[in-house]
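Here is the structure we will look at, set down as structure tokens.
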Amino acid sequence: MLSRYISRPICFVGDVEKLDEELSGVVEVLGMVSNKGTIMASAYNTLREDKGIPFDLELYNEVLKVIHDFPQHYPFEMATSG
């Protein structure tokens, strides 16, 4: 699926089981897809539980679908360095 987004900005969300102490749980990665189909991350955010309520990945996925369906209302741009 990533091959459709080569050289385009993406937002990738997933549940990290074990990486290190700082990075676990639901993580949102912002970046670009390389020619090899890998994500070149420029930033990431940990989406933590709020007051014991687990982060709802299904609801987040639905929100991303709405954003994707109506890009004119939700512009997504990546800052470039240079």
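Worth a mention:
- A Cβ distance below 9 Å, combined with a sequence gap of six or more or placement on separate chains, defines the contacts here; from segment 45-64, residues that are charged (D, E, K, R) reach residues that are open to solvent by less than 80 Å² (accessible area, probe 1.4 Å) in the pairs R48/G25; R48/V26; R48/F55; E49/G25; E49/V26; E49/F55.
- For segment 1-15, filtering for residues that are touching a residue at least 24 places away in the same chain (Cβ under 8 Å), open to solvent by 70 Å² or more (accessible area, probe 1.4 Å), outside any loop (DSSP other than H, G, I, E, B) and not small (G, A, S) leaves 2.
- A count restricted to segment 16-65 and to residues that are modelled with pLDDT of 90 or more, under 21 Å from R4 (Cα atoms) and open to solvent by 60 Å² or more (accessible area, probe 1.4 Å) stands at 8.
- Selection count, segment 1-31, where residues are over 12 Å from N45 (Cβ atoms) and of a type in the set (F, W, Y): 1
The values are calculated or read from the model by the stated rules, or taken from the named source; none is laboratory data. Only a predicted model underlies this, so the values are computations on that prediction, with no experimental measurement involved. Every residue, glycine as well, gets a Cβ built from its backbone with ideal geometry; the counts of neighbours run over all protein chains shown. The protein model used for the area step is the full one, side chains on, heavy atoms only, and it has no ligands, DNA or RNA in it. Shrake-Rupley method; radii C 1.70, N 1.55, O 1.52, S 1.80 Å.
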